[in-house]
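No lab work stands behind these numbers, since they all come straight from the coordinates. What you are looking at is a predicted structure, and each value in this text was computed from that prediction instead of being measured. Counting neighbours? That spans all protein chains shown, and the Cβs are built from the backbone with ideal geometry, glycine included.
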Ligand SMILES: [Fe+2]
């Protein structure tokens, strides 16, 4: 794990928790509550400045599932910014996570950085897209900030991640999104969930990141979801005041046998 840079913005990106109203429910053969709980000690020890929750927090959009995730992540003791995924119901979710893109793009400045959250979901659809109005409001938000660097978060992947099972359900108008991203050279990172594995690519100076899931991950570059036996994980990010992006993955500590 990288050592915290002085004055870096430290973010834990938690994604695709898929918690259900029934705490005993199975998700791809795993238990969502148990796997998220396994991550909490390492997340607390990492001590982030903020937690970024990038969608599919719930499997069934139930109030009970959001309430339990809010309590669990609340034990980290850091502000939580949240955005919805295709499994979520924004009207219900925002009752438990106050800070997010509930009435349009959401932005919050920390030091040199602006953190922007976008809602890429479309009611009733697994794929994502942005309306022209949403992109224009995104542009207005960027212009209104004097931050030196920007990270943008959304649920759906705007680039293929080489996994057919989920690339069928990507951000459909990624070209329009990247047109707006490309206009502002302060954008140094775009981070999403949805893909259930650690994906990283740098394109035109922008770090593109797909987050692993806190319940079940797939091995990368697979046709079908293929359970990664390394278990649940989440992404850490250190955004330095000079615009550098460092990142990696946190996993639960393995129990010693003796
Ligand atoms: Fe999703």
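Here the range 11-28 is scanned for amide nitrogen atoms under 20 Å from the site 7 Å beyond the Cα of residue 222 along Cα-to-Cβ, giving 15-19, 26-28. How large is log10 of I(q)/I(0) for the chain at q = 0.10, 0.11 Å⁻¹ when the intensity is taken from the Debye formula with one equal scatterer per alpha-carbon? Evaluating at q = 0.10, 0.11 Å⁻¹ gives log10 I(q)/I(0) of -0.43, -0.53. Sorting the segments 76-86, 182-192 by their residues' average number of neighbouring beta-carbon atoms within 10 angstrom, most packed first, yields 76-86, 182-192. For the range 55-207, what class follows from the C-alpha gyration tensor (a ≥ b ≥ c being the square roots of its eigenvalues): rounded when a/c is under 1.5, otherwise prolate if a/b is larger than b/c, else oblate? Oblate is the answer for the range 55-207, as a/c is 1.5 or above yet b/c matches or exceeds a/b. Only Cα pairs under 8 Å and 6+ residues apart enter the sum, and on that basis the relative contact order of the chain stands at 22 percent.
Placing dummy labels 7 Å off each Cα toward the beta-carbon, the span from residue 253 to residue 132 is 5.5 nm. If a/c stays under 1.5 just call it rounded; otherwise compare a/b with b/c (prolate if a/b is bigger, oblate if not). Do that for the range 65-155, with a ≥ b ≥ c from the square roots of the Cα gyration tensor eigenvalues. Cα axes put the range 65-155 in the oblate bin.
Quick one: grab the alpha carbon gyration tensor of the range 36-104, order the square roots of its eigenvalues as a ≥ b ≥ c, and give me rounded if a/c is under 1.5, else prolate or oblate depending on whether a/b is larger than b/c. The shape class here is prolate.
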